[in-house]
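Inspection log for the structure reproduced underneath, given as structure tokens.
The values are calculated or read from the model by the stated rules, or taken from the named source; none is laboratory data. Every value quoted in this text rests on a predicted model; they were computed, and no experiment measured them. For neighbour counting, all protein chains shown are included, and Cβ atoms are generated from backbone atoms with ideal geometry for every residue, glycine included. Quick note on the areas: whole protein, heavy atoms, side chains included, nothing else; ligands and nucleic acids left out. Shrake-Rupley method; radii C 1.70, N 1.55, O 1.52, S 1.80 Å.
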Amino acid sequence: MTYKQAVEYILSIPKFTSKNKLSHTEKFLEFLGNPQMKLKVFHVAGTNGKGSVCTYLNSMLLSQKKSVGLFTSPHLIKMNERIAINGKQISDKEFAEVFNIVYKVVKEMEKEGMLHPTFFEFLFGMALVCFQRNNVEYAILETGLGGRLDATNVIQSPEISIITSIGMDHMDILGNDIQSIAREKAGIIKRNVPVIYADSQEESNYIIEETAREKGVPCKKIGKDAYEIQGIKDKHIAFSCTNAYYGTTTWSLYNTATYQPHNAVLALEAMRQIMKEEADLEAWRQALCEVQWPGRMEEVLPDFYIDGAHNISAIQAFVETISLDEKKNIILFSAVQDKDYESMIACLCESKNTEFYVVTQIDDKRAADLELLLQIFRKYTDKPVYKEGDPQMALQKVLSMKEDKSVYCLGSLYLAGMMKRRLHDAGF
């Protein structure tokens, strides 16, 4: 199949298959020739910050001349974004080639009476085949959802397991309390594999520590006391690490989000454990300073930011970040039905330097009702709230009213992708 046909086929998969057990994923990889066997894997789970940690790891490994495969989700504009080799997303040509390899194997599986891989399984299989074809040494794998039952959890012996901050999200699947969600994330913890995790709250910390004890593996907590923010200047946030190992080095990220140093320190500590004597702190410092992660407090135009925050803990971190800036701002918001968008909106309305809000609707059947979003905003704020059902019109509205204010677009990764696509199409 061509690239276009491959993408169309993958997008159609949810229509004829459902969630499979890990035993199915294991069998799928056997049919593919177990392309994961020789990889040195960094396995990353968590509610927020997974993609950022993966990107920081990728950049630091590349700075030490390692060959690296990166598998993340979701994509914002093109499906190719999910699979990167040595810092570059795979081309349409390679995407189609790898797709056809996996597609052929899937047809053989079906002949033997096996179920078709899910959307995520199929892409995971493609990523592993792609890594094998390119002879990468390290693979960084981001879980798609949860951890315990995630397709990526078939990797039996990763180099290290990393769990980022945990919050309330995907409650319909992972559970209605922090402990249940943490238990699913902690499902990636395996015997003989060290664990590093972000200090979130006592309930989730306990579950992770308990799981690590049961597996008999070392477990290290990274709290907010592991770093000190030095300041924000010229679109960069500077911080130092409190661990003496890092000396007096000042680290810098091309991002102004106050929660990103926490993600960076998680990645640093994972690298320190795995690289040991090979560790090159100066190379890592330079690498982190240059990292840009699309859709995560990404400045797509001067003072116009797109952020993928789509759950209450991410929104709380966002509000904490913008509260440090005295500049007035505009918030462009949308959400999907299965998120706790009322809590998200209530939190956004606590921002004292927001001048007005614009709500729009994403192009998806899961989109939250526009009138309901409008009503909820007006319930929590006396500031102006505008609605524009057409995302293109919403974009034009905030651009026309921007003047000397900052614009933040958030609430859904669907919205982030849509806005990036529209700005790209408009030549920005």
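A few points about this structure:
- Verdict on GLY33 being surrounded by fewer than 22 Cβ atoms within 10 Å (Cβ to Cβ) and either over 17 Å from the mean Cα position of the chain (by Cα) or in a helix (DSSP H, G or I) (or both): yes
- Which listed residue, of GLU320, GLU282, GLU299, is at pLDDT below 95 and in a helix (DSSP H, G or I): GLU320
Every residue, every condition in (1) at pLDDT 95 or above; (2) within 18 Å of the chain's Cα centre (by Cα); (3) within 14 Å of CYS130 (Cβ to Cβ), yes or no:
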| position | (1), (2), (3) |
| --- | --- |
| PRO74 | no, yes, no |
| MET79 | yes, yes, yes |
| ARG82 | yes, yes, yes |
| ILE90 | yes, no, yes |
| PHE95 | yes, no, yes |
| PHE99 | yes, no, yes |
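- Taken across segment 128-138, residues that are at pLDDT 95 or above, more than 24 Å from MET271 (Cα to Cα) and buried (at least 20 other Cβ atoms within 10 Å of the Cβ) do occur, with at least one present.
- Residues in segment 288-340 that are open to solvent by 20 Å² or more (accessible area, probe 1.4 Å) and of a type in the set (S, T, N, Q): GLN292, SER313, GLN316, SER323, GLN337.
- For first residues located in segment 124-142 and over 19 Å from VAL53 (Cα atoms) and in contact (Cβ under 8 Å) with a residue 12 or more places away in the chain, partners that are open to solvent by 10 Å² or more (accessible area, probe 1.4 Å) and part of a helix (DSSP H, G or I) and lie 6+ apart or on another chain with Cβ distances below 6 Å form the pairs VAL129/ILE101.
- Of all residues making up segment 417-428, the number that are part of a helix (DSSP H, G or I) and open to solvent by less than 70 Å² (accessible area, probe 1.4 Å): 6
- Count of segment 357-416 residues, restricted to those that are closer than 22 Å to ALA314 by Cα, open to solvent by less than 60 Å² (accessible area, probe 1.4 Å) and in a helix (DSSP H, G or I), is 8.
- Residue match in segment 61-74 (condition: assigned to a strand (DSSP E or B), β-branched (Val, Ile, Thr) and in contact (Cβ under 8 Å) with a residue 60 or more places away in the chain): yes
- Unmet criterion (only one of (1) in contact with a Leu (Cβ under 9 Å, 6 or more places away or on another chain); (2) of a type outside the set (Ser, Thr, Tyr); (3) part of a loop (DSSP other than H, G, I, E, B); (4) within 20 Å of LYS221 (Cβ to Cβ)) for GLY167: (1)
- Close pairs (7 angstrom Cβ cut-off, 6 or more residues apart or separate chains): in contact (Cβ under 8 Å) with a residue 24 or more places away in the chain and open to solvent by 70 Å² or more (accessible area, probe 1.4 Å) in segment 100-117, assigned to a loop (DSSP other than H, G, I, E, B) and of a type in the set (S, T, N, Q) anywhere: LEU115/THR17; LEU115/ASN20
- When we screen LYS352, LYS339 for residues that are assigned to a loop (DSSP other than H, G, I, E, B) and either within 25 Å of LYS224 (Cβ to Cβ) or of a type in the set (S, T, N, Q) (or both), the only hit is LYS352.
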